[in-house]
Amino acid sequence: MSFFGFGPSAEIEILLDGSDTRKAAELKLEDGRKERFPLYYDGETVSGKVNVVLKKSNGKLEHQGIKIEFIGQIDLYFDRGNRHEFVSMVRELARPGILTQNASYNFEFVNVEKPYESYTGSNRLSDLVKEQEICVHTLAQYPDLNSSIKMEVGIEDCLHIEFEYNKSKYHLKDVIVGKIYFLLVRIKIKHMEIQVIKREIAGSGPNALNENETLAKFEIMDGAPVRGESIPIRLFLSGYDLTPTMRDINKKFSVKYYLNLVLVDEEERRYFKQQEVTLFRKADKKRRPIASNMIERGIFHHRTAQFGGPQPPPQQPQQQTVESPELETGSTHVSPAMPSKPVAAAGQSEEPDDDEAEADDDEEDEDEEPEAEDEDNDGDRQEDRDSKNGQL
Amino acid sequence: MSNQQQQQQQPSATQRLQPKKQTMEDAYSPPANFLEIDVCNPETHGLNKDRYTDYEIRLRTNLPVFKLKESSVRRRYSDFEWLRAELERDSKIVVPKLPGKALKLQLPFRGGDGRFDDEFIEERRKGLEEFINKVAGHPLAQNEKCLHMFLQEQTIDKAYVPGKVRTT
């Protein structure tokens with residue numbers, strides 16, 4: 001419900017249909033407060049009633065027309081003046097005239113495309129759908145091809161490890177299962193931890209603002225390993241406040257998630273390897289209404305390729321054997337307690353590798369038999385959420 | 001494969017990944033990261049104004065990057081200063097600080113032995129030991145010729161050609 005004053009003569013009230021039964025979701029507002037808004041999905045109808053209440057029972061309100069707008073917009077905190085609208089629909093409720101009594105108008109925005117999920121960032125991006133007071137969740141089906149991530153990284157002659165995560169795409173309540181295998185250990189490791197890092201990228205090009213937030217830290221090993229040891233990883237994502245990965249939303253911002261594996265040696269030197277993982281919001285079992293012809297055709301096509309064998313077992317994952325990079329080539333970084341001066345191309349240069357990896361996945365789609373895992377249960381329908389989310 | 005069979009064979013979402021078996025040798029051999037450096041046995045040489053103190057630098061290791069698995073050399077404070085300057089210039093690490101110079105102690109009116117005071121030498125010895133262990137354990141410092149010369153050659157040739165150690 002929302003009230004907008006209309007000067008002294010009348011008050012306007014917007015009531016959304018089914019607000020008592022509809023699920024609500026919490027969004028953190030700019031000032032840090034959390035507020036609940038009714039939850040809508042892409043393609044859902046947004047309908048309700050507009051009540052115009054005249055202040056004085058025998059008063060009259062002369063107006064130039066009454067309309068209701070459905071707006072989806074992106075606000076970038078640092079770019080306050082500019083609000084970017086990506087959805088805008090208008091319904092005229094009444095022609096210009098005079099209201100002599102309270103009036104009520106029904107409205108219905110049918111099958112509204114809500115391509116982007118609501119997101120409130122610490123990079124100070126405000127809600128996507130704030131003015132409407134509704135919250136949008138973008139749902140994705142369980143991805144067909146979800147290969148594991150397996151890589152060998154290290155520092156020449158000092159530390160070589162092979163890490164493996166069972167998937168590259170996880171849903172928000174998923175479990176990250178993996179292992180770290182030690183190929184060469186010539187340093188004295190004290191402990192090892194895994195971190196979940198969220199990176200918000202606002203704007204683009206040279207003005208892009210990055211903000212990293214470590215959402216979780218989880219120690220997975222205490223003590224010094226030797227060659228040949230395997231350390232298991234099991235990280236439950238439902239304990240953390242996560243959103244889906246967002247790529248280049250309206251060309252304005254992205255939200256990406258990384259797993260950061262950190263080894264600490266006896267002298268507090270830190271060795272780490274960051275790896276991007278894609279997070280998505282899994283749909284419930286119930287089917288959603290089909291919003292357009294295009295999607296219908298898409299489903300039909302995927303169904304013919306659907307029924308198939310088990311998910312590629314972890315023993316034969318998509319092999320990404322990257323040779324242990326020298327420090328100089330940069331996906332592994334040594335950061336000693338005495339901080340090192342920036343190494344050429346060090347740190348975050350693993351993005352190109354990730355993109356490559358993703359490209360490979362797509363190409364191999366034809367040959368792989370996509371799985372129909374029962375526990376996840378949404379293998380029946382696939383939709384290419386990516387194009388809707390603006391991913392190229 | 002029928003659907004039913006598939007379900008029975010599918011791993012649960014949280015099942016551990018299959019690890020590679022570790023050999024007995026790997027499991028029970030001494031770890032490949034053994035490196036111990038002691039700074040000990042301080043000795044003061046010379047007389048009166050020309051005195052100086054040096055320390056024994058004793059190294060034991062099984063790291064392949066060190067040519068000698070055991071070595072013992074004697075070094076004085078200024079040698080440590082030389083090493084620190086070389087590493088700052090050539091390696092990409094920010095080198096830790098050395099224990100302090102003895103400037104305050106060398107003032108004429110100060111009582112005691114100044115920088116040959118037992119207490120001072122012991123403090124310095126500890127600081128040097130901490131310094132050399134931190135440095136020698138750093139993977140990037142291990143690539144520098146100057147470090148190996150400092151640790152394992154009897155004399156430091158200050159006219160050496162700086163460079164990296166070639167990995168075998």
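The values are calculated or read from the model by the stated rules, or taken from the named source; none is laboratory data. Keep in mind that this is a model prediction, so the values were computed, not measured. Cβ placement follows ideal geometry from the backbone for every residue including glycine, while neighbour counts extend to all protein chains displayed. Calculation scope for accessible area: heavy atoms of the full protein, side chains included, ligands and nucleic acids excluded. Shrake-Rupley method; radii C 1.70, N 1.55, O 1.52, S 1.80 Å.
Taking the conditions exactly as written (open to solvent by 10 Å² or more (accessible area, probe 1.4 Å) and touching a Lys or Arg at 6+ places or on another chain (Cβ under 6 Å)), does A:GLU152 satisfy them or not? Spelling it out, it is not the case that A:GLU152 is open to solvent by 10 Å² or more (accessible area, probe 1.4 Å) and touching a Lys or Arg at 6+ places or on another chain (Cβ under 6 Å).
Criterion first (among the basic types (Lys, Arg), surrounded by fewer than 20 Cβ atoms within 10 Å (Cβ to Cβ), more than 10 Å from chain B (Cβ to nearest Cβ) and over 18 Å from A:VAL153 (Cβ atoms)) does A:LYS198 satisfy it? Against the criterion (among the basic types (Lys, Arg), surrounded by fewer than 20 Cβ atoms within 10 Å (Cβ to Cβ), more than 10 Å from chain B (Cβ to nearest Cβ) and over 18 Å from A:VAL153 (Cβ atoms)), A:LYS198 does not qualify.
Within the range A:173-183, the set of residues being within 7 Å of chain B (Cβ to nearest Cβ) and of a type in the set (A, V, I, L, M) comprises A:VAL175, A:VAL177. If the condition is being in a helix (DSSP H, G or I) and without any contact (Cβ under 8 Å) to a residue 24 or more places away in the chain, then the range B:131-161 contributes B:LYS145, B:MET149. Checking each residue in the range A:201-230 for being open to solvent by less than 20 Å² (accessible area, probe 1.4 Å), within 11 Å of chain B (Cβ to nearest Cβ) and in contact with a strand residue (DSSP E or B) (Cβ under 6 Å, 6 or more places away or on another chain) picks out only A:PRO225.
Among the residues here, B:LEU59 qualifies as closer than 23 Å to B:ASP157 by Cα, surrounded by 17 or more Cβ atoms within 10 Å (Cβ to Cβ) and in contact (Cβ under 8 Å) with a residue 60 or more places away in the chain. Would you confirm whether or not the range B:12-33 contains a residue that is open to solvent by 50 Å² or more (accessible area, probe 1.4 Å), away from chain A (no Cβ under 14 Å) and assigned to a loop (DSSP other than H, G, I, E, B)? No, because not a single residue in the range B:12-33 is open to solvent by 50 Å² or more (accessible area, probe 1.4 Å), away from chain A (no Cβ under 14 Å) and assigned to a loop (DSSP other than H, G, I, E, B). Select from the range A:146-172 the residues that are modelled with pLDDT of 90 or more and touching an Asp or Glu at 6+ places or on another chain (Cβ under 6 Å) and write down the one among them that is farthest from the other protein chains (Cβ to nearest Cβ). Looking at residues that are modelled with pLDDT of 90 or more and touching an Asp or Glu at 6+ places or on another chain (Cβ under 6 Å), I get A:GLU152. Just so you know, in the range A:185-195 the residues that are open to solvent by 30 Å² or more (accessible area, probe 1.4 Å) and either among the small types (Gly, Ala, Ser) or within 11 Å of chain B (Cβ to nearest Cβ) (or both) include one that is nearest to B:LEU63 (Cα to Cα), and it is A:ARG186. Annotation: of all residues in the range A:172-184 being crowded, with 22+ Cβ neighbours inside 10 Å and not charged (D, E, K, R), the one that is farthest from the chain's Cα centre (by Cα) is A:PHE182.
Residue under question is B:SER71, and the condition is that it be surrounded by 17 or more Cβ atoms within 10 Å (Cβ to Cβ) and of a type in the set (Gly, Ala, Ser); does it hold? Taking the combined requirement at face value, the residue satisfies it.
Filtered by the rule that a residue be modelled with pLDDT of 95 or more and either at positive phi or aromatic (Phe, Trp, Tyr) (or both), the range B:42-65 gives a lone residue, B:TYR55.
Of the residues screened, B:ARG76 is one that is more than 18 Å from B:GLN142 (Cβ to Cβ), free of Cβ contacts under 8 Å to residues at least 60 places away in the same chain and more than 9 Å from chain A (Cβ to nearest Cβ). Would you pick out the residues in the range A:231-246 that are part of a loop (DSSP other than H, G, I, E, B) and buried (at least 18 other Cβ atoms within 10 Å of the Cβ)? Those that are part of a loop (DSSP other than H, G, I, E, B) and buried (at least 18 other Cβ atoms within 10 Å of the Cβ): A:LEU242, A:THR243, A:PRO244, A:THR245.
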